[in-house]
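Since the structure comes first, as structure tokens, the remarks are kept for the end.
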Amino acid sequence: MRRVRGSRYAQAAGSLTPLQNLNGSITPSALHFERHHSGIPEIDPSEHRLLIDGLVDRPLVFSLAELQRMPAVTRTYFVECSGNGRVKWSPAEPDTDAQAAFGMTSCSEWTGVPVSALLREVGASAGASWVVAEGADACRMTRSVPLDKAMDDTLVAYGQNGEALRPAQGYPLRLLIPGWEGNICVKWLRRLRVVDQSYLTREETAKYT
């Protein structure tokens, strides 16, 4: 995997997808770009749980094993960091090339359980209109997702390209929201809270606006 060179923003990302090594549309798992805000947590998959609560009829807690026993789907989704290409809008840096500017995008086959199936299990209450996703990393990355989008094509993934998610990609669980910027695809997912409004979290007001 190519380590980041060039822009200061890219250096914070950890690693980029090596564009010159790609063949076809699927990015090998080992070449998928990496971006995180507070390091990669060490998670015991046997102890990890996904809590779904809030405006629901039946709050439930799922283990990884329980999710893996549910009917699974595999979907091809692109993930792109919202900062991909941003250096081209900043003062030119002498060592910024196309790789450093555009290496924060990848495409994989993601396997998991549709969020719609999980929400049907808990039963969203009247008035519910948003889902707040929370990660298990140190900063508790939290993003609000409209309920309609969550019920459409959003996925709780535990697999990537035929293998388990890698730690840098959110092992053991990651939210995948096609068509939306990568920071909303919460890694190390541990909670989906059904609510009646956007939470306007730190990431939604101070970081990604």
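Can you find, within the stretch 160-170, the residue that is farthest from the chain's Cα centre (by Cα) among those that are surrounded by fewer than 20 Cβ atoms within 10 Å (Cβ to Cβ) and small (Gly, Ala, Ser)?
My answer is Gly162.
Hey, does the stretch 157-171 have a residue that's of a type in the set (S, T, N, Q), in contact (Cβ under 8 Å) with a residue 24 or more places away in the chain and on the phi > 0 side of the Ramachandran plot?
Within the stretch 157-171, one or more residues are of a type in the set (S, T, N, Q), in contact (Cβ under 8 Å) with a residue 24 or more places away in the chain and on the phi > 0 side of the Ramachandran plot.
Take the residues in the stretch 140-149 that are hydrophobic (A, V, I, L, M, F, W, C) and more than 14 Å from Gly170 (Cβ to Cβ); name whichever of them is surrounded by the fewest Cβ atoms within 10 Å (Cβ to Cβ).
Selected residue: Leu147.
Give me the helices (runs of 4 or more DSSP H) completely within the stretch 70-184, filtered to those with at least 1 residues that are of a type in the set (Val, Ile, Thr), under 28 Å from Asp57 (Cβ atoms) and at pLDDT 90 or above, ordered by residue number.
Details: elements: 98-102, 115-122, 147-152.
Ranges flagged: 115-122.
Among residues belonging to the stretch 97-114 that are aliphatic (A, V, I, L, M) and over 18 Å from the mean Cα position of the chain (by Cα), point out the one that is farthest from Leu64 (Cα to Cα).
By that ranking, first place goes to Ala98.
What tally of residues in the stretch 171-209 results from selecting those that are of a type in the set (Gly, Ala, Ser) and within 13 Å of the chain's Cα centre (by Cα)?
Adding up the residues that qualify gives 2.
Which count do you get for residues in the stretch 4-60 that are modelled with pLDDT under 80 and among the β-branched types (Val, Ile, Thr)?
So the answer is 2.
Just the residues that are farther than 20 Å from Ile177 by Cβ and in a loop (DSSP other than H, G, I, E, B), please, taken from the stretch 36-54.
Selection gives Ser38, Gly39, Ile40, Pro41, Glu42, Ile43, Asp44, Pro45, Ser46, Glu47, His48.
Take Ala117 and tell me if it is surrounded by fewer than 18 Cβ atoms within 10 Å (Cβ to Cβ), within 17 Å of Pro71 (Cα to Cα) and out of contact with any helix residue (DSSP H, G or I) (no Cβ under 6 Å at 6 or more places or on another chain). Even if it seems obvious, please write down each step before you answer.
Values: surrounded by fewer than 18 Cβ atoms within 10 Å (Cβ to Cβ): yes; within 17 Å of Pro71 (Cα to Cα): yes; out of contact with any helix residue (DSSP H, G or I) (no Cβ under 6 Å at 6 or more places or on another chain): yes.
Answer is yes for this residue.
Starting from the stretch 43-58, take each residue that is closer than 23 Å to Ala138 by Cβ and in contact (Cβ under 8 Å) with a residue 12 or more places away in the chain and list its partners that are part of a loop (DSSP other than H, G, I, E, B) and small (Gly, Ala, Ser), counting only C-beta distances under 9 angstrom and pairs at least six apart or across chains.
Note: pairs meeting the criteria are Ile43/Ala136; His48/Ala136.
With respect to the numbered conditions (1) small (Gly, Ala, Ser); (2) more than 22 Å from Phe78 (Cα to Cα); (3) in contact with a Cys (Cβ under 6 Å, 6 or more places away or on another chain), which one is the sole condition not fulfilled by Ala136?
(3)
What number goes with the only condition from (1) among the aliphatic types (A, V, I, L, M); (2) touching a helix residue (DSSP H, G or I) at 6+ places or on another chain (Cβ under 8 Å); (3) closer than 25 Å to Glu66 by Cβ that Leu165 does not pass?
(2)
The values are calculated or read from the model by the stated rules, or taken from the named source; none is laboratory data. Small disclaimer: the values here were computed from a predicted structure and weren't measured. Cβ coordinates were reconstructed from backbone atoms using ideal geometry, including for glycine residues, and neighbour counts include every protein chain displayed.
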